[in-house]
1. Taking H as built 1.01 Å from N, whose amide H comes closer than 5 Å to the amide H of residue A:152, not counting residues under 5 places away?
2. First select every other residue whose beta carbon is under 13 angstrom from the beta carbon of residue A:89; then total the charges, Lys and Arg +1, Asp and Glu -1.
3. Here is the link list: B:6/B:243; A:46/A:212; A:41/A:102. Which ones come out longer than 32 Å on Cα distance?
4. Using a probe of 1.4 angstrom, how much of the accessible area of the protein assembly as shown is carbon and sulfur, in percent?
5. Give the aspartates and glutamates whose C-alpha is closer than 20 Å to that of residue A:16, dropping any in the same chain fewer than 8 places away, or say none.
6. Give me the net charge of residue A:11's neighbourhood, meaning all other residues with Cβ under 12 Å from the Cβ of residue A:11; Lys, Arg count +1, Asp, Glu -1.
7. Please average, across the residues of B:138-150, the number of beta carbons from any other chain that are within 10 Å of each residue's own beta carbon, and give a whole number.
8. Expressed as an acute angle from 0 to 90° and rounded to the nearest 10, what is the orientation of the C-alpha long axis of helix A:161-178 relative to the principal long axis of chain A?
Amino acid sequence: MTLEVKNLTKIFDNKKVLDNVSFKVENGQTLGVVGFSGSGKSTLLKIISGILEKDSGEIILPNNSEVAMAFQYSALFDFLDVYDNIAFPLVERKEFRGKYSKDEITKIVSQKLQMVGLEGIEEKFPSELSGGMQKRVGFARAIVTNPNVILYDEPTSGLDPVTSTMIEDYIVRLKRELNASCVVVTHQLSTIRRAVDYVIMLYQGKIVFDGKVEDFLNNKNEYARQFVTASIQGPMNIIGK
Amino acid sequence: MFELNKTFTYQRFVLLWGQIEEFLILIGNLGKDFVDVIKRILSLEINLNETIEQSKRFAYDSLPISLTIVSMTSAIIAMQLAPELARQGGADYTGMLSALVMVRELAAVMSAFAIISMVGASFASEIASMAVTEQISAMKVLKVDPIAYLFVPRFIAGALFMPVVFIVSGFCGLVCAGLVSNWCADLSLLNYFTSLWHGLYIRDIFIALLKSSFFGATIALISSSCGYSAHGGAKEVGLATTKAVVSSFLAIAMWDFIFASVFYL
Ligand SMILES: Nc1ncnc2c1ncn2[C@@H]1O[C@H](COP(=O)(O)OP(=O)(O)OP(=O)(O)O)[C@@H](O)[C@H]1O
Ligand SMILES: [Mg+2]
(Lines give C-alpha, C1' and ligand atoms only; values in the text may rest on other atoms or scores of the structure.)
(Ligands and ions follow the chains in the order given, each with its own letter.)
Protein backbone atom coordinates (compact mmCIF):
# COMPACT_ATOMS: atom_id res chain seq x y z
CA MET A 1 0.00 0.00 0.00
CA THR A 2 1.35 3.38 -0.88
CA LEU A 3 0.66 6.06 1.66
CA GLU A 4 0.88 9.61 0.49
CA VAL A 5 0.57 12.74 2.59
CA LYS A 6 0.17 16.02 0.74
CA ASN A 7 0.42 19.53 2.17
CA LEU A 8 -0.89 18.44 5.53
CA THR A 9 -1.57 21.23 8.00
CA LYS A 10 -2.89 20.95 11.52
CA ILE A 11 -3.55 23.86 13.85
CA PHE A 12 -4.01 23.59 17.62
CA ASP A 13 -4.92 26.78 19.44
CA ASN A 14 -3.67 29.08 16.65
CA LYS A 15 -0.38 27.18 16.50
CA LYS A 16 0.59 25.30 13.38
CA VAL A 17 1.61 21.93 14.78
CA LEU A 18 1.98 20.55 11.26
CA ASP A 19 2.75 23.04 8.52
CA ASN A 20 2.42 21.88 4.94
CA VAL A 21 3.90 18.43 5.48
CA SER A 22 4.22 16.17 2.43
CA PHE A 23 5.81 12.76 1.95
CA LYS A 24 5.23 9.42 0.35
CA VAL A 25 5.78 5.92 1.69
CA GLU A 26 5.93 3.24 -0.98
CA ASN A 27 4.82 -0.33 -0.59
CA GLY A 28 7.17 -2.24 1.65
CA GLN A 29 9.03 0.84 2.79
CA THR A 30 9.46 2.20 6.28
CA LEU A 31 9.58 5.90 6.94
CA GLY A 32 11.17 7.11 10.15
CA VAL A 33 9.86 10.33 11.65
CA VAL A 34 12.09 12.16 14.10
CA GLY A 35 11.89 15.49 15.84
CA PHE A 36 11.87 17.14 19.22
CA SER A 37 9.26 16.39 21.76
CA GLY A 38 6.21 18.43 20.82
CA SER A 39 7.13 18.73 17.14
CA GLY A 40 3.90 17.08 16.00
CA LYS A 41 4.96 13.48 15.38
CA SER A 42 2.14 11.85 17.29
CA THR A 43 -0.29 14.34 15.77
CA LEU A 44 0.85 13.27 12.30
CA LEU A 45 0.17 9.60 13.07
CA LYS A 46 -3.19 10.42 14.61
CA ILE A 47 -4.26 12.26 11.49
CA ILE A 48 -3.15 9.43 9.21
CA SER A 49 -5.03 6.91 11.34
CA GLY A 50 -8.15 9.06 11.36
CA ILE A 51 -8.25 9.84 15.08
CA LEU A 52 -7.77 13.57 14.50
CA GLU A 53 -9.19 15.76 11.76
CA LYS A 54 -6.76 17.61 9.54
CA ASP A 55 -7.17 21.30 8.86
CA SER A 56 -6.01 21.08 5.27
CA GLY A 57 -4.11 18.80 2.95
CA GLU A 58 -4.65 15.25 1.83
CA ILE A 59 -4.00 11.73 3.06
CA ILE A 60 -4.03 9.41 0.07
CA LEU A 61 -4.57 5.73 0.76
CA PRO A 62 -5.98 2.99 -1.47
CA ASN A 63 -9.53 1.91 -0.70
CA ASN A 64 -8.67 -1.53 0.58
CA SER A 65 -6.08 -0.27 3.00
CA GLU A 66 -6.15 -1.40 6.58
CA VAL A 67 -4.38 1.04 8.88
CA ALA A 68 -3.03 -0.07 12.25
CA MET A 69 -1.42 1.95 14.95
CA ALA A 70 0.75 1.07 17.91
CA PHE A 71 0.28 3.84 20.44
CA GLN A 72 2.98 5.70 22.31
CA TYR A 73 1.49 4.65 25.66
CA SER A 74 0.05 1.33 24.41
CA ALA A 75 -3.60 2.36 24.94
CA LEU A 76 -4.58 -1.17 25.91
CA PHE A 77 -8.14 -1.66 27.14
CA ASP A 78 -7.62 -1.85 30.87
CA PHE A 79 -10.95 -3.61 31.51
CA LEU A 80 -10.01 -6.53 29.26
CA ASP A 81 -7.29 -9.13 29.67
CA VAL A 82 -4.53 -9.60 27.12
CA TYR A 83 -6.48 -12.19 25.17
CA ASP A 84 -9.56 -10.01 24.84
CA ASN A 85 -7.43 -6.99 24.00
CA ILE A 86 -5.83 -8.72 21.06
CA ALA A 87 -9.02 -10.44 19.99
CA PHE A 88 -10.98 -7.19 20.30
CA PRO A 89 -11.14 -6.17 16.62
CA LEU A 90 -11.84 -9.75 15.51
CA VAL A 91 -14.74 -10.04 17.93
CA GLU A 92 -16.16 -6.54 17.95
CA ARG A 93 -15.65 -5.13 14.49
CA LYS A 94 -18.86 -5.19 12.51
CA GLU A 95 -17.45 -6.68 9.32
CA PHE A 96 -15.80 -9.54 11.26
CA ARG A 97 -18.88 -10.57 13.30
CA GLY A 98 -19.11 -14.32 13.21
CA LYS A 99 -16.27 -14.64 10.71
CA TYR A 100 -13.88 -16.33 13.11
CA SER A 101 -14.64 -19.24 15.39
CA LYS A 102 -13.46 -19.21 18.97
CA ASP A 103 -10.69 -21.70 18.18
CA GLU A 104 -9.49 -19.63 15.26
CA ILE A 105 -9.35 -16.52 17.40
CA THR A 106 -7.43 -18.35 20.11
CA LYS A 107 -4.96 -19.52 17.50
CA ILE A 108 -4.52 -16.07 15.96
CA VAL A 109 -4.07 -14.47 19.38
CA SER A 110 -1.39 -16.88 20.51
CA GLN A 111 0.34 -16.62 17.14
CA LYS A 112 0.47 -12.81 17.37
CA LEU A 113 1.66 -12.97 20.96
CA GLN A 114 4.40 -15.34 19.90
CA MET A 115 5.46 -12.90 17.19
CA VAL A 116 6.10 -10.23 19.82
CA GLY A 117 7.89 -12.67 22.10
CA LEU A 118 5.17 -13.07 24.69
CA GLU A 119 3.54 -16.37 25.43
CA GLY A 120 1.14 -17.62 28.04
CA ILE A 121 0.09 -14.21 29.31
CA GLU A 122 -3.38 -14.30 27.76
CA GLU A 123 -5.14 -14.11 31.10
CA LYS A 124 -3.20 -11.21 32.55
CA PHE A 125 -4.62 -7.71 32.67
CA PRO A 126 -2.65 -4.75 31.27
CA SER A 127 -2.05 -3.40 34.78
CA GLU A 128 -0.22 -6.64 35.62
CA LEU A 129 2.33 -6.17 32.82
CA SER A 130 5.49 -4.12 32.61
CA GLY A 131 5.55 -1.10 30.31
CA GLY A 132 7.54 -2.94 27.67
CA MET A 133 5.21 -5.90 27.75
CA GLN A 134 2.22 -3.58 27.40
CA LYS A 135 3.89 -2.08 24.37
CA ARG A 136 4.35 -5.44 22.77
CA VAL A 137 0.78 -6.48 23.51
CA GLY A 138 -0.18 -3.21 21.81
CA PHE A 139 1.75 -4.31 18.69
CA ALA A 140 0.09 -7.70 18.76
CA ARG A 141 -3.31 -6.03 18.89
CA ALA A 142 -2.38 -3.65 16.08
CA ILE A 143 -1.35 -6.41 13.68
CA VAL A 144 -4.13 -8.86 14.46
CA THR A 145 -6.08 -7.73 11.39
CA ASN A 146 -3.06 -8.07 9.05
CA PRO A 147 -2.80 -4.37 8.25
CA ASN A 148 -0.97 -3.03 5.23
CA VAL A 149 -0.22 0.38 6.69
CA ILE A 150 1.34 0.27 10.15
CA LEU A 151 2.02 3.32 12.27
CA TYR A 152 4.32 2.96 15.27
CA ASP A 153 4.51 5.76 17.82
CA GLU A 154 7.84 5.44 19.63
CA PRO A 155 7.86 1.64 19.55
CA THR A 156 11.19 1.27 21.34
CA SER A 157 11.12 4.05 23.89
CA GLY A 158 11.28 2.76 27.42
CA LEU A 159 12.54 -0.67 26.40
CA ASP A 160 15.89 -2.22 27.18
CA PRO A 161 18.37 -2.39 24.27
CA VAL A 162 17.87 -6.09 23.66
CA THR A 163 14.11 -5.89 23.56
CA SER A 164 14.45 -2.79 21.37
CA THR A 165 16.51 -4.77 18.89
CA MET A 166 13.92 -7.50 18.94
CA ILE A 167 11.17 -4.99 18.23
CA GLU A 168 13.20 -3.39 15.46
CA ASP A 169 13.77 -6.75 13.76
CA TYR A 170 10.15 -7.48 14.22
CA ILE A 171 9.10 -4.22 12.53
CA VAL A 172 11.25 -5.20 9.56
CA ARG A 173 9.93 -8.75 9.45
CA LEU A 174 6.35 -7.69 9.74
CA LYS A 175 6.70 -5.19 6.96
CA ARG A 176 7.99 -7.95 4.70
CA GLU A 177 5.37 -10.47 5.68
CA LEU A 178 2.45 -8.13 5.26
CA ASN A 179 4.06 -6.13 2.47
CA ALA A 180 3.05 -3.08 4.46
CA SER A 181 4.09 0.53 4.40
CA CYS A 182 5.21 1.64 7.82
CA VAL A 183 5.74 4.92 9.59
CA VAL A 184 7.89 4.75 12.70
CA VAL A 185 8.09 7.72 15.03
CA THR A 186 11.22 7.38 17.11
CA HIS A 187 13.89 9.16 19.09
CA GLN A 188 16.24 6.23 18.95
CA LEU A 189 19.07 6.13 16.46
CA SER A 190 19.27 2.35 16.77
CA THR A 191 15.72 2.09 15.49
CA ILE A 192 16.54 4.39 12.59
CA ARG A 193 19.57 2.29 11.70
CA ARG A 194 17.88 -1.07 11.89
CA ALA A 195 14.28 -0.60 10.93
CA VAL A 196 13.93 2.44 8.72
CA ASP A 197 14.50 3.16 5.01
CA TYR A 198 13.87 6.90 4.82
CA VAL A 199 13.81 9.62 7.43
CA ILE A 200 11.93 12.84 7.74
CA MET A 201 12.64 15.27 10.50
CA LEU A 202 10.06 17.69 11.83
CA TYR A 203 10.86 21.01 13.48
CA GLN A 204 8.21 23.54 14.33
CA GLY A 205 5.72 21.70 12.17
CA LYS A 206 7.86 21.71 9.03
CA ILE A 207 9.99 19.04 7.40
CA VAL A 208 13.61 20.11 7.81
CA PHE A 209 15.22 16.90 6.60
CA ASP A 210 13.98 14.36 4.14
CA GLY A 211 16.22 11.64 2.84
CA LYS A 212 17.98 8.31 3.22
CA VAL A 213 19.10 6.94 6.56
CA GLU A 214 22.79 7.16 5.57
CA ASP A 215 22.43 10.84 4.79
CA PHE A 216 20.62 11.42 8.03
CA LEU A 217 23.32 9.72 10.06
CA ASN A 218 26.28 11.13 8.09
CA ASN A 219 25.79 14.77 9.00
CA LYS A 220 24.82 15.92 5.52
CA ASN A 221 22.18 18.26 6.91
CA GLU A 222 22.70 20.68 9.78
CA TYR A 223 19.35 19.82 11.41
CA ALA A 224 20.08 16.12 11.15
CA ARG A 225 23.58 16.69 12.49
CA GLN A 226 22.28 18.49 15.55
CA PHE A 227 19.83 15.68 16.24
CA VAL A 228 22.31 12.85 15.67
CA THR A 229 25.05 14.47 17.70
CA ALA A 230 22.57 15.53 20.38
CA SER A 231 24.00 19.01 20.35
CA ILE A 232 22.53 22.07 21.99
CA GLN A 233 24.21 24.24 19.35
CA GLY A 234 22.60 24.21 15.94
CA PRO A 235 19.69 25.55 13.93
CA MET A 236 17.10 24.14 16.31
CA ASN A 237 16.36 25.87 19.56
CA ILE A 238 14.35 23.93 22.09
CA ILE A 239 14.30 26.58 24.81
CA GLY A 240 11.23 28.72 24.96
CA LYS A 241 9.40 26.69 22.34
CA MET B 1 -6.73 54.48 35.19
CA PHE B 2 -9.94 52.55 34.82
CA GLU B 3 -9.38 49.21 33.23
CA LEU B 4 -12.52 47.30 32.44
CA ASN B 5 -10.87 43.92 32.30
CA LYS B 6 -9.57 44.24 35.85
CA THR B 7 -12.88 45.02 37.49
CA PHE B 8 -14.48 42.44 39.71
CA THR B 9 -17.75 42.60 37.79
CA TYR B 10 -16.00 41.97 34.52
CA GLN B 11 -14.14 38.99 35.91
CA ARG B 12 -17.33 37.53 37.38
CA PHE B 13 -18.99 38.03 34.05
CA VAL B 14 -16.23 36.20 32.21
CA LEU B 15 -16.45 33.35 34.71
CA LEU B 16 -20.21 33.14 34.31
CA TRP B 17 -19.95 33.26 30.55
CA GLY B 18 -17.44 30.43 30.68
CA GLN B 19 -19.92 28.33 32.61
CA ILE B 20 -22.76 29.13 30.24
CA GLU B 21 -20.55 28.22 27.34
CA GLU B 22 -19.64 24.92 28.97
CA PHE B 23 -23.30 24.19 29.58
CA LEU B 24 -24.18 24.88 25.95
CA ILE B 25 -21.38 22.60 24.79
CA LEU B 26 -22.70 19.89 27.10
CA ILE B 27 -26.20 20.23 25.66
CA GLY B 28 -24.77 20.11 22.14
CA ASN B 29 -22.77 16.96 22.90
CA LEU B 30 -25.77 15.31 24.51
CA GLY B 31 -27.96 16.04 21.52
CA LYS B 32 -25.41 14.68 19.10
CA ASP B 33 -24.71 11.58 21.17
CA PHE B 34 -28.43 10.95 21.59
CA VAL B 35 -28.99 11.04 17.83
CA ASP B 36 -25.98 8.74 17.30
CA VAL B 37 -27.27 6.27 19.88
CA ILE B 38 -30.78 6.19 18.41
CA LYS B 39 -29.34 5.66 14.92
CA ARG B 40 -27.37 2.63 16.15
CA ILE B 41 -30.37 1.21 17.95
CA LEU B 42 -32.60 1.61 14.91
CA SER B 43 -30.08 -0.16 12.72
CA LEU B 44 -29.86 -2.87 15.40
CA GLU B 45 -26.18 -2.34 16.10
CA ILE B 46 -26.58 -3.75 19.56
CA ASN B 47 -23.77 -5.52 21.34
CA LEU B 48 -25.61 -8.15 23.32
CA ASN B 49 -22.80 -9.21 25.64
CA GLU B 50 -22.01 -5.64 26.64
CA THR B 51 -25.69 -4.85 27.10
CA ILE B 52 -26.09 -7.78 29.47
CA GLU B 53 -22.96 -6.75 31.33
CA GLN B 54 -24.11 -3.15 31.76
CA SER B 55 -27.65 -4.21 32.67
CA LYS B 56 -26.22 -6.28 35.46
CA ARG B 57 -24.46 -3.22 36.82
CA PHE B 58 -27.51 -1.06 36.44
CA ALA B 59 -30.07 -3.34 37.98
CA TYR B 60 -28.24 -5.76 40.21
CA ASP B 61 -25.10 -4.06 41.47
CA SER B 62 -26.97 -0.88 42.34
CA LEU B 63 -29.80 -2.61 44.23
CA PRO B 64 -28.32 -2.46 47.74
CA ILE B 65 -27.88 1.30 47.58
CA SER B 66 -31.15 2.14 45.82
CA LEU B 67 -33.12 -0.17 48.12
CA THR B 68 -31.51 1.35 51.17
CA ILE B 69 -32.14 4.92 50.10
CA VAL B 70 -35.75 4.39 49.04
CA SER B 71 -36.57 2.29 52.11
CA MET B 72 -34.95 4.78 54.49
CA THR B 73 -36.73 7.71 52.90
CA SER B 74 -40.11 6.02 53.02
CA ALA B 75 -39.52 4.89 56.60
CA ILE B 76 -38.72 8.45 57.61
CA ILE B 77 -41.77 9.82 55.84
CA ALA B 78 -43.98 7.22 57.50
CA MET B 79 -42.41 8.10 60.83
CA GLN B 80 -43.40 11.73 60.35
CA LEU B 81 -46.74 11.07 58.71
CA ALA B 82 -48.33 8.18 60.57
CA PRO B 83 -48.40 9.59 64.14
CA GLU B 84 -49.68 12.94 62.86
CA LEU B 85 -52.40 11.31 60.79
CA ALA B 86 -53.36 9.12 63.76
CA ARG B 87 -53.62 12.18 65.98
CA GLN B 88 -55.86 13.93 63.47
CA GLY B 89 -58.02 10.84 63.07
CA GLY B 90 -56.79 9.99 59.60
CA ALA B 91 -54.72 6.91 60.39
CA ASP B 92 -56.64 4.97 57.80
CA TYR B 93 -55.16 7.13 55.09
CA THR B 94 -51.53 6.32 55.88
CA GLY B 95 -51.30 3.46 53.40
CA MET B 96 -53.01 5.42 50.68
CA LEU B 97 -50.80 8.45 51.11
CA SER B 98 -47.67 6.35 51.22
CA ALA B 99 -48.65 4.63 47.98
CA LEU B 100 -49.37 7.93 46.25
CA VAL B 101 -46.12 9.52 47.33
CA MET B 102 -44.09 6.41 46.69
CA VAL B 103 -45.41 5.54 43.24
CA ARG B 104 -45.78 9.04 41.89
CA GLU B 105 -42.53 10.53 43.09
CA LEU B 106 -40.32 9.03 45.74
CA ALA B 107 -39.42 5.60 44.46
CA ALA B 108 -38.46 6.72 40.96
CA VAL B 109 -36.64 9.90 41.98
CA MET B 110 -34.81 8.46 44.96
CA SER B 111 -33.66 5.38 43.11
CA ALA B 112 -32.57 7.61 40.23
CA PHE B 113 -30.45 9.60 42.69
CA ALA B 114 -28.97 6.40 44.04
CA ILE B 115 -28.21 5.18 40.52
CA ILE B 116 -26.56 8.48 39.58
CA SER B 117 -24.18 8.30 42.49
CA MET B 118 -23.43 4.64 42.04
CA VAL B 119 -23.72 3.76 38.36
CA GLY B 120 -23.66 7.13 36.59
CA ALA B 121 -20.48 8.23 38.35
CA SER B 122 -18.74 4.99 37.49
CA PHE B 123 -19.89 5.10 33.83
CA ALA B 124 -18.53 8.63 33.54
CA SER B 125 -15.21 7.98 35.23
CA GLU B 126 -14.47 4.76 33.39
CA ILE B 127 -15.27 6.23 29.98
CA ALA B 128 -13.35 9.40 30.81
CA SER B 129 -10.31 7.41 31.82
CA MET B 130 -10.56 5.45 28.58
CA ALA B 131 -10.69 8.74 26.71
CA VAL B 132 -7.66 10.30 28.39
CA THR B 133 -5.55 7.15 28.00
CA GLU B 134 -6.38 6.97 24.28
CA GLN B 135 -8.30 3.72 24.60
CA ILE B 136 -11.15 5.29 22.67
CA SER B 137 -8.76 6.42 19.95
CA ALA B 138 -7.43 2.88 19.81
CA MET B 139 -10.98 1.61 19.44
CA LYS B 140 -11.53 3.94 16.49
CA VAL B 141 -8.33 2.83 14.77
CA LEU B 142 -9.41 -0.79 15.25
CA LYS B 143 -12.62 0.24 13.46
CA VAL B 144 -14.87 -0.57 16.38
CA ASP B 145 -17.52 2.09 16.82
CA PRO B 146 -17.22 3.55 20.35
CA ILE B 147 -20.82 4.77 20.29
CA ALA B 148 -22.09 1.28 19.55
CA TYR B 149 -19.68 -0.35 22.00
CA LEU B 150 -19.86 2.08 24.92
CA PHE B 151 -23.02 4.19 24.66
CA VAL B 152 -25.68 1.90 23.26
CA PRO B 153 -25.38 -0.92 25.83
CA ARG B 154 -25.47 1.57 28.71
CA PHE B 155 -28.38 3.46 27.21
CA ILE B 156 -30.42 0.29 26.72
CA ALA B 157 -29.51 -0.98 30.18
CA GLY B 158 -30.67 2.31 31.68
CA ALA B 159 -33.92 2.47 29.75
CA LEU B 160 -34.84 -1.16 30.46
CA PHE B 161 -33.63 -1.68 33.99
CA MET B 162 -34.35 1.59 35.74
CA PRO B 163 -38.07 0.61 35.76
CA VAL B 164 -37.11 -2.68 37.36
CA VAL B 165 -35.19 -0.85 40.05
CA PHE B 166 -38.23 1.35 40.53
CA ILE B 167 -40.56 -1.62 41.02
CA VAL B 168 -38.31 -3.41 43.49
CA SER B 169 -37.39 -0.36 45.50
CA GLY B 170 -40.97 0.99 45.46
CA PHE B 171 -42.22 -2.32 46.80
CA CYS B 172 -39.62 -2.36 49.57
CA GLY B 173 -40.40 1.27 50.36
CA LEU B 174 -44.08 0.56 50.80
CA VAL B 175 -43.41 -2.42 53.03
CA CYS B 176 -40.99 -0.36 55.13
CA ALA B 177 -43.51 2.45 55.47
CA GLY B 178 -46.08 -0.08 56.68
CA LEU B 179 -43.75 -1.55 59.25
CA VAL B 180 -42.75 1.87 60.53
CA SER B 181 -46.38 3.03 60.77
CA ASN B 182 -47.13 -0.09 62.71
CA TRP B 183 -44.19 0.55 64.99
CA CYS B 184 -44.63 4.25 65.73
CA ALA B 185 -48.39 4.82 65.31
CA ASP B 186 -49.71 1.40 66.27
CA LEU B 187 -51.35 1.16 62.91
CA SER B 188 -52.26 -2.43 62.10
CA LEU B 189 -50.56 -3.82 59.03
CA LEU B 190 -53.89 -5.07 57.71
CA ASN B 191 -55.27 -1.56 58.00
CA TYR B 192 -52.20 -0.11 56.25
CA PHE B 193 -52.29 -2.48 53.33
CA THR B 194 -56.05 -2.18 52.90
CA SER B 195 -55.71 1.57 52.66
CA LEU B 196 -52.68 1.23 50.41
CA TRP B 197 -54.76 -0.20 47.58
CA HIS B 198 -56.80 2.99 47.47
CA GLY B 199 -53.73 4.98 46.62
CA LEU B 200 -52.42 2.61 43.98
CA TYR B 201 -53.55 3.43 40.46
CA ILE B 202 -52.52 1.51 37.39
CA ARG B 203 -52.14 4.81 35.55
CA ASP B 204 -49.70 6.10 38.16
CA ILE B 205 -47.68 2.94 37.93
CA PHE B 206 -47.45 3.13 34.15
CA ILE B 207 -46.44 6.76 34.24
CA ALA B 208 -43.82 5.99 36.87
CA LEU B 209 -42.45 3.11 34.81
CA LEU B 210 -42.19 5.35 31.77
CA LYS B 211 -40.57 8.05 33.86
CA SER B 212 -38.05 5.60 35.31
CA SER B 213 -37.17 4.49 31.84
CA PHE B 214 -36.51 8.11 30.85
CA PHE B 215 -34.47 8.61 34.02
CA GLY B 216 -32.35 5.54 33.34
CA ALA B 217 -31.69 6.40 29.71
CA THR B 218 -30.88 9.99 30.66
CA ILE B 219 -28.43 9.02 33.38
CA ALA B 220 -26.68 6.57 31.05
CA LEU B 221 -26.49 9.08 28.21
CA ILE B 222 -25.27 12.00 30.31
CA SER B 223 -22.68 9.91 32.14
CA SER B 224 -21.33 8.34 28.97
CA SER B 225 -21.32 11.62 27.13
CA CYS B 226 -19.52 13.55 29.87
CA GLY B 227 -16.92 10.81 30.12
CA TYR B 228 -16.49 10.60 26.37
CA SER B 229 -15.72 14.27 25.91
CA ALA B 230 -12.99 14.27 28.56
CA HIS B 231 -9.50 15.01 27.37
CA GLY B 232 -6.27 15.70 29.20
CA GLY B 233 -5.26 13.86 32.34
CA ALA B 234 -6.44 12.44 35.63
CA LYS B 235 -7.88 15.77 36.71
CA GLU B 236 -10.21 15.78 33.73
CA VAL B 237 -11.52 12.36 34.74
CA GLY B 238 -12.59 13.85 38.06
CA LEU B 239 -14.10 16.90 36.40
CA ALA B 240 -16.01 14.79 33.89
CA THR B 241 -17.41 12.65 36.69
CA THR B 242 -18.52 15.68 38.67
CA LYS B 243 -20.09 17.17 35.57
CA ALA B 244 -21.92 13.92 34.87
CA VAL B 245 -23.30 13.67 38.40
CA VAL B 246 -24.40 17.30 38.64
CA SER B 247 -25.96 17.32 35.17
CA SER B 248 -27.74 14.05 35.83
CA PHE B 249 -29.28 15.41 39.04
CA LEU B 250 -30.46 18.49 37.19
CA ALA B 251 -31.83 16.44 34.32
CA ILE B 252 -33.76 14.16 36.68
CA ALA B 253 -35.30 17.17 38.40
CA MET B 254 -36.22 18.55 35.00
CA TRP B 255 -37.77 15.32 33.72
CA ASP B 256 -39.69 14.94 36.96
CA PHE B 257 -41.09 18.43 36.59
CA ILE B 258 -42.05 17.78 32.96
CA PHE B 259 -43.74 14.47 33.81
CA ALA B 260 -45.64 16.02 36.70
CA SER B 261 -46.85 18.89 34.54
CA VAL B 262 -47.81 16.72 31.61
CA PHE B 263 -49.59 13.97 33.50
CA TYR B 264 -50.87 15.53 36.71
CA LEU B 265 -51.58 19.16 36.00
N1 LIG C 1 -5.52 17.58 21.54
C2 LIG C 1 -4.66 18.62 21.54
N3 LIG C 1 -5.09 19.86 21.81
C4 LIG C 1 -4.24 20.92 21.78
N5 LIG C 1 -2.93 20.82 21.51
C6 LIG C 1 -2.43 19.60 21.24
C7 LIG C 1 -3.26 18.43 21.25
N8 LIG C 1 -2.49 17.36 20.95
C9 LIG C 1 -1.25 17.84 20.77
N10 LIG C 1 -1.20 19.18 20.95
C11 LIG C 1 -0.01 20.04 20.80
O12 LIG C 1 0.58 19.74 19.57
C13 LIG C 1 1.99 19.71 19.66
C14 LIG C 1 2.50 18.40 19.10
O15 LIG C 1 2.12 17.33 19.94
P16 LIG C 1 2.52 15.83 19.60
O17 LIG C 1 1.93 14.96 20.62
O18 LIG C 1 2.20 15.55 18.19
O19 LIG C 1 4.10 15.89 19.78
P20 LIG C 1 5.18 14.73 19.60
O21 LIG C 1 6.09 15.17 18.52
O22 LIG C 1 4.54 13.41 19.45
O23 LIG C 1 5.97 14.81 20.97
P24 LIG C 1 6.61 13.59 21.85
O25 LIG C 1 7.92 13.28 21.23
O26 LIG C 1 6.80 14.22 23.20
O27 LIG C 1 5.66 12.47 21.87
C28 LIG C 1 2.31 19.94 21.12
O29 LIG C 1 2.73 21.28 21.24
C30 LIG C 1 1.02 19.73 21.85
O31 LIG C 1 0.95 20.63 22.92
MG1 LIG D 1 4.38 11.72 20.62
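1. Hits under the 5 Å cutoff: A:70, A:183, A:184, A:185.
2. Computed value for this residue: +3.
3. Working: B:6/B:243 29 Å; A:46/A:212 24 Å; A:41/A:102 38 Å.
Too far apart for the 32 Å limit: A:41/A:102.
4. Details: 14750 of 24660 Å².
C and S fraction of accessible area: 60 percent.
5. Those aspartates and glutamates meeting the cut-off are A:53, A:55, A:58, A:210.
6. Details: positive: A:10, A:15, A:16, A:54; negative: A:13, A:19, A:53, A:55.
Net local charge, residue A:11 excluded: 0.
7. Per residue, the number of nearby Cβ atoms from other chains is 6 on average.
8. 80 degrees
The values are calculated or read from the model by the stated rules, or taken from the named source; none is laboratory data. All values reported here derive from a predicted model rather than from experimental measurement. Because the Cβ atoms are built from the backbone with ideal geometry, glycine has one as well, and the counts that use them run over all protein chains shown. When the accessible area is computed, the model is the full protein with side chains, heavy atoms only, and any ligands, DNA or RNA have been set aside. Shrake-Rupley method; radii C 1.70, N 1.55, O 1.52, S 1.80 Å.
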